[in-house]
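Enquirer: Would you mind keeping the following structure in view while I ask a few things?
The values are calculated or read from the model by the stated rules, or taken from the named source; none is laboratory data. Quick caveat: nothing in here was measured; it's all calculated off a predicted structure. Backbone-built Cβ (ideal geometry, glycine too); neighbour counts: all protein chains shown. Ligands, DNA and RNA are excluded from the accessible area calculation, which covers all protein heavy atoms including side chains. Shrake-Rupley method; radii C 1.70, N 1.55, O 1.52, S 1.80 Å.
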Amino acid sequence: MKNWYSIWGYRSLDFGAFPLYVENETEYVEICAFPPCEAFKIRFQNTFGTETLHIEEAWLAVRDGKKCPVTVNGQRRIAVSPGKRIWSDEVIQKAEAGQKIQIKLRWSGKNVVKSACTFLANSMTGVWYSKNEGGLTGSFFEKEPLHQCVTGLDQIAVWTEEPVFTVVAFGDSITHMSRWTAPFAERLLETYQGRVTLLNMGICGNRLLHDASVGSGHGGWFGERGIVRFERDVFANGFVPDAVILLEGINDILHPAIGEAPPEEAVSAEEIVAGLESCADTAHYHQTKIYAATLLPFKGCKDHWRPWHEEKRNCVNDLLRRSTVFDEIFDFDSWAKDPADESRLNSKGGSEDKLHPGIEGGKTLAEQIDLSLLCGK
């Protein structure tokens, strides 16, 4: 049976504290993870904007092939009002599994962008701007120079006869940065030829039980607390994924201890697990399977680590391993820790900050996930 399936997506972040600017520029976004399909839709977004975004024209093309205009309500010029997300009209364009498609947005005038989808390590997505100088600008790039930013859109869907199994990765920066989700998406494409897709709903700095602390210097970038945004971000507009991989809670331990959040917002291991289990209840209400990942070690992170951090993290993980609420537990902790010091990331797989997996560590996590448990085939 033919149907629309979301095959690419990131959670837009709140850039109100350090807006981006794009002026008379052309943005290119290239993706390749989807099944054989006959048509596409693009969701344009201005989720946190305070001014209308103006896109002079948009195009979708199979790489090195036919270029098709993208319209909204039949109009070539696209205006995205503050706080809105709008789907395009369908774009009739056949594509083969894994064939690269390119979306081109030509921006009109100077636009203040306060919503963008960012990532570090997604080999399944490329984004660039036409100008050698200018392009997408803003103080954010001084703070996070390695991030790629997709502006103006946050989701792509396809119309296909193939049944598509959709997985959502939900969590904090360890998910958002894509160092494990990118190689995992590659593995899914290689194994299932686009019949299993992955959407990234991670938010850098996100906590499970408390909203972003505006006084932290990051404004609202860290986002609304996970237990509240889970329903909206995972099941938006009637979309029901087949499975969710949930990895969150490390910032609930770390942020109150390092000044990123008030100390009175410290929470217990039991409270963290209860929050994770409430997400599981929501997923099961929608008849979606949910897989919790254990929290990774972070000794050495910013010199703020203390032995009690490790005690709380281990308590969270022990409670998760004993929980009967989730469909399965993916033991990221056991896959990522250093055998010589289990409170640290493996030196071969960790990044310089000792908190996030590096490229090799992300690949290790992606390779360890049991696809038969996740996809049932």
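Enquirer: Can you tell which of Gly217, Gly205, Gly194 shows the greatest fluctuation in a Gaussian network model of the chain with Cα springs below 10 Å?
Expert: Highest fluctuation among the options: Gly217.
Enquirer: Same structure, new question: If you average the C-alpha positions of the stretch 69-121 and of the stretch 307-377 separately, how far apart do those two centres end up, in angstrom?
Expert: Cα centroid of the stretch 69-121 versus Cα centroid of the stretch 307-377: 35 Å apart.
Enquirer: Need one number: convex hull volume per residue for the stretch 62-116, Cα atoms only, in Å³.
Expert: 123 Å³
Enquirer: Within the set Lys114/Lys289; Lys104/Lys131; Lys41/Lys363, which residue pairs have Cα atoms separated by over 22 Å?
Expert: Those over the limit are Lys114/Lys289; Lys41/Lys363.
Enquirer: Here's something else I'd like to know. Per residue, how much accessible area does the chain have with a 1.4 Å probe, in Å²?
Expert: In whole numbers, the chain has 41 Å² accessible per residue.
Enquirer: Can you tell me the relative contact order of the chain? Whole percent, Cα pairs under 8 Å, sequence separation 6 or more.
Expert: 17 percent
Enquirer: Under the √(5λ) rule applied to the eigenvalues of the Cα gyration tensor, what semi-axes describe the equivalent ellipsoid of the stretch 1-132? Give them in Å, descending.
Expert: 24, 16, 15
Enquirer: For the chain, what does the equivalent ellipsoid look like in terms of its semi-axes, each the square root of 5 times an eigenvalue of the Cα gyration tensor, given largest first in whole Å?
Expert: Taking √(5λ) for each eigenvalue gives 33, 24, 18 Å, largest first.
Enquirer: What's the magnitude of the charge dipole for the stretch 264-377 around its Cα centre, counting Lys and Arg as +1 and Asp and Glu as -1 at the beta-carbon? Answer in Debye, nearest 20.
Expert: Here the stretch 264-377 has a charge dipole of around 300 debye.
Enquirer: Helix 307-322 against the longest principal axis of the chain: what's the angle in degrees, Cα atoms only, rounded to the nearest 10?
Expert: Once rounded, the angle reads 70 degrees.
Enquirer: What percent of all Cα-Cα pairs in the stretch 279-377 falls into each 5 Å bin, going from 0 up to the bin containing the maximum distance?
Expert: Calculated over all Cα pairs of the stretch 279-377, the distribution is 2, 13, 20, 21, 18, 14, 8, 3, 0 percent.
Enquirer: Taking the C-alpha atoms of the stretch 199-255, how large are the radius of gyration and the largest Cα-Cα span, Dmax, in Å?
Expert: So, for the stretch 199-255, Rg and Dmax equal 12.0, 37 Å respectively.
Enquirer: Now for a different question. Given points 7 Å out from each Cα along the Cα-Cβ axis, report the Val214 to Glu328 separation in nanometres with one decimal.
Expert: 4.3 nm
Enquirer: Give the relative contact order (percent, whole number) for the stretch 293-377; include only Cα pairs under 8 Å separated by 6+ residues.
Expert: 32 percent
Enquirer: Can you give the FRET efficiency for Tyr28 and Glu342, using 1/(1 + (r/R0)^6), R0 = 41 Å, r = Cβ-Cβ distance, to the nearest 0.05?
Expert: E(calc), rounded to 0.05, equals 0.40.
Enquirer: When the label point is put 7 Å from the Cα of Asp318 along its Cα-to-beta-carbon vector, which residues of the stretch 253-279 have a backbone N closer than 17 Å?
Expert: Residues 268-274 qualify, since their backbone N sits under 17 Å from the label point.
Enquirer: Only Lys, Arg, Asp and Glu count, each charged at its Cβ (+1, +1, -1, -1), so figure out the dipole size of the chain about its Cα centre, rounded to 20 debye.
Expert: 1060 debye
Enquirer: How far, in degrees from 0 to 90, does helix 269-285 lean away from the longest principal axis of the Cα atoms of the chain, to the nearest 10?
Expert: 40 degrees
Enquirer: Still on this structure, I have one more. At 7 Å along Cα-to-Cβ for each site, give me the label-to-label distance between Lys110 and Asp353 in nm.
Expert: My value for the distance between the label points is 3.1 nm.
Enquirer: Can you give the convex hull volume per residue for the Cα atoms of the stretch 156-268, as a whole number of Å³?
Expert: Output value, Cα hull per residue: 109 Å³.
Enquirer: Sticking with this one: Which value in nm describes the separation of the simple spin-label points at Glu96 and Lys84, placed 7 Å from the Cα toward the beta carbon?
Expert: 3.9 nm
Enquirer: Taking the Cα centroid of the stretch 185-263 and of the stretch 132-180, what is the distance between the two, rounded to the nearest whole Å?
Expert: Centre-to-centre distance over Cα atoms comes out at 13 Å.
Enquirer: Express the C-alpha Rg of the stretch 137-208 as a ratio against the empirical globular expectation 2.2 N^0.38 Å, rounded to two decimals.
Expert: It is 1.30.
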